[in-house]
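Here is the structure we will look at.
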Amino acid sequence: MFDFDATLPLMAVQFILLVVILNAIFFKPLTAVIEDRANLIRSSQTGAKEGLEQINAITQQYEKELAESRRQYQSVIAKAQADAQKLASDQVAAAQAEAVAQREQATQELSAQKVSAMAELEKQVDGLSQEILNKLLVGV
Amino acid sequence: MDVSSASVIAAALAIGLASLGPGIGQGNASASAVEGIARQPEAEGKIRGTLLLTLAFMESLTIYGLVIALVLLFANPFVK
Amino acid sequence: MLNFLDSPNFVSLAALEVGQHFYWHIGSLKVHGQVFLATWFVMAVLIIVSLLATRNIQRIPTGMQNLMEYALDFVRELTRNQIGEKEYRPWVPFIGTLFLFIFVCNWSGALIPWKLIHLPEGELAAPTNDINTTVALSLLVSIAYFYAGFKKKGLGYFAKYVQPTPVLLPIAVLEDFTKPLSLSFRLFGNILADELVVGVLVLLVPLFVPLPVMLLGLFTSAIQALVFATLAGAYIHEALEGHGDEHDEEHA
């Protein structure tokens, strides 16, 4: 049972040979594959994380732009409304002024006609009263 | 008593005595391991692995006794 | 030799042959032929399985590649746990091969009906139940950890013998001898004991009763392969770290 002989060194040599062979055909290729896969997973994980961060940044930017443009169009609307309001009130004011002017003119014309008519009437009254006087005096 | 019968008795004593200490030790180790698992059930896997390894170490003490017994039985240097 | 177990009464049922070898003579040297036959078988199995696994390497593993990647992951994890994250890589092939070789050897002894093949003398069995194999492996482990220590620290490696106190020098030197001794005897004794226990049980009750013991034998064989590889890793780690800088081991 305890008979040591040439089996021992030959076995050691054989085993070292096996280590070398398995290192070449088993450990090296499979370790490379496993580490490749680990690297791939790690890199795609970081890639995905970066993509997510990018997406988040883009979303934030969009939201900011959206808020900005909302503010902008609101201000545009407000300005347009103000403009329209101003235009309308201007026109209303102009129309009112014109109407007032026209009325005034009409009133003036009317009063002028009235004056002239009164003057005519007075003249006629004078003439008539003269005639009446003359007639009356003839009779006497 | 000739060498052959003495060898047989010695082999029996070797394996018998060699199993005493490791038996006690394995009992202690297993008891502690069970206690540890009861206290911390989430560490069961780790405790079991360590326990198996330590049991194998203690077992090897008995195996040394067994090797001596085998030498006495099958490769006795005192018997031609 | 006391050969009472294969006395004529039992020899028809089962014979236990311990210490009988199928000798080959190479020049003036004698070698155990049955050990070499079994070893070549184991090596062929390992090499063929590796070739099958790496023949068509894919990113998403299937079949044999999956199995062998699991095995590789297992031994890498084992080596990393023992030697530490920094230095474990170059030792994976050695410790991995130790584990795989011993594992396949042990299981081949338990699972393959070697007894059906008759040799002129001796019988085929697990290669690890021959003391030459286990001593060869454990001496290789010794050489490996000396190599690791010398490569890392040069002659400063010897400082670890007198590091805590020179009083322990004899024990430190003795340790270098007991390490391979205990490694080889543990493996040898366990495997041989398994086969003997199964043999004795088969001799007493030939059918069914030995099955649970055979299963226990399979379990023990696997654990012994694990223990051998773990201890090899632990010894190499010890040689790499030394006694002087134990604070390094905290985060290793």
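The values are calculated or read from the model by the stated rules, or taken from the named source; none is laboratory data. Remember, predicted model here, so these are calculated numbers, not experimental data. Note that we place each Cβ from the backbone using ideal geometry, even for glycine, and neighbour counts take in every protein chain shown. The accessibility values were calculated without ligands, DNA or RNA, using every heavy atom of the protein model including side chains. Shrake-Rupley method; radii C 1.70, N 1.55, O 1.52, S 1.80 Å.
Miscellaneous remarks
- Flag if B:Ala31 is assigned to a helix (DSSP H, G or I), within 22 Å of the chain's Cα centre (by Cα) and farther than 21 Å from C:Leu226 by Cα: yes
- Among the residues making up region C:86-95, a single one is touching a residue at least 60 places away in the same chain (Cβ under 8 Å) and at the interface with chain A (Cβ under 8 Å from one of its Cβ atoms): C:Phe94.
- Residue match in region A:7-23 (condition: more than 7 Å from chain C (Cβ to nearest Cβ), open to solvent by less than 50 Å² (accessible area, probe 1.4 Å) and farther than 30 Å from C:Asp73 by Cβ): no
- Filtered residue count, region C:112-155, keeping only those that are part of a helix (DSSP H, G or I), more than 14 Å from chain A (Cβ to nearest Cβ) and either over 21 Å from C:Asp194 (Cα atoms) or under 24 Å from the mean Cα position of the chain (by Cα) (or both): 12
- The residues of region C:131-153 that are farther than 16 Å from C:Thr230 by Cβ and either of a type in the set (Phe, Trp, Tyr) or in contact with a strand residue (DSSP E or B) (Cβ under 7 Å, 6 or more places away or on another chain) (or both), listed by number, are C:Asn132, C:Phe146, C:Tyr147, C:Phe150.
- If you check B:Val71, B:Val79 for being within 14 Å of chain C (Cβ to nearest Cβ) and surrounded by 16 or more Cβ atoms within 10 Å (Cβ to Cβ), only one passes: B:Val71.
- Apart from one condition, C:Ser142 fits all of (1) modelled with pLDDT of 85 or more; (2) open to solvent by less than 30 Å² (accessible area, probe 1.4 Å); (3) more than 21 Å from A:Leu8 (Cα to Cα); the exception is (3).
- Any hit, region C:175-189, residues being more than 14 Å from every other protein chain (Cβ to nearest Cβ), open to solvent by 30 Å² or more (accessible area, probe 1.4 Å), in a helix (DSSP H, G or I) and aromatic (Phe, Trp, Tyr): yes
Yes/no per residue for (1) within 7 Å of another protein chain (Cβ to nearest Cβ); (2) out of contact with any Lys or Arg (no Cβ under 9 Å at 6 or more places or on another chain):
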{"position": "C:His21", "(1), (2)": "no, no"}
{"position": "C:Leu29", "(1), (2)": "yes, yes"}
{"position": "C:Val35", "(1), (2)": "yes, yes"}
{"position": "C:Trp40", "(1), (2)": "no, yes"}
{"position": "C:Leu51", "(1), (2)": "yes, yes"}
{"position": "C:Met64", "(1), (2)": "no, no"}
{"position": "C:Glu77", "(1), (2)": "no, yes"}
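- Taking the listed residues B:Leu61, B:Leu53, B:Leu66, B:Leu73, the one that is in contact (Cβ under 8 Å) with a residue 60 or more places away in the chain and not β-branched (Val, Ile, Thr) is B:Leu73, with no other qualifying.
- Test: residue in region C:198-215 that is in a helix (DSSP H, G or I), open to solvent by less than 20 Å² (accessible area, probe 1.4 Å), within 19 Å of C:Phe103 (Cα to Cα) and modelled with pLDDT of 85 or more: no
- With respect to the stated conditions, B:Leu17 is away from every other protein chain (no Cβ under 14 Å), farther than 21 Å from A:Asp3 by Cβ, open to solvent by 40 Å² or more (accessible area, probe 1.4 Å) and in contact (Cβ under 8 Å) with a residue 24 or more places away in the chain.
- Filter pass, A:Leu136 being in a helix (DSSP H, G or I) and surrounded by fewer than 10 Cβ atoms within 10 Å (Cβ to Cβ): yes
- Per the conditions (1) closer than 26 Å to A:Leu40 by Cβ; (2) acidic (Asp, Glu); (3) open to solvent by less than 60 Å² (accessible area, probe 1.4 Å), the sole criterion not satisfied by C:Glu77 is (3).
- Inclusion of C:Gly109 among residues that are among the small types (Gly, Ala, Ser) and more than 17 Å from C:Ser221 (Cβ to Cβ) is not warranted.
- Helices (runs of 4 or more DSSP H) within region C:19-111 that include 2 or more residues over 17 Å from the mean Cα position of the chain (by Cα): C:33-55, C:63-83
- Region B:28-60: number of residues that are more than 9 Å from every other protein chain (Cβ to nearest Cβ) and within 17 Å of B:Gly16 (Cβ to Cβ): 1
- Some residue of region A:64-74 being over 15 Å from the mean Cα position of the chain (by Cα), charged (D, E, K, R), at pLDDT below 95 and surrounded by 10 or more Cβ atoms within 10 Å (Cβ to Cβ): no
- Selection count where residues are open to solvent by less than 40 Å² (accessible area, probe 1.4 Å) and of a type outside the set (A, V, I, L, M, F, W, C), scope region B:31-48: 1
- Unique match (being out of contact with any Phe, Trp or Tyr (no Cβ under 9 Å at 6 or more places or on another chain) and either within 14 Å of another protein chain (Cβ to nearest Cβ) or closer than 30 Å to B:Ala69 by Cα (or both)) among A:Leu52, A:Leu30: A:Leu30
- Hits in region C:156-174 (condition: part of a helix (DSSP H, G or I) and surrounded by fewer than 16 Cβ atoms within 10 Å (Cβ to Cβ)): C:Gly156, C:Phe158, C:Ala159, C:Pro166, C:Val167, C:Leu168, C:Leu169, C:Pro170, C:Ile171, C:Val173, C:Leu174
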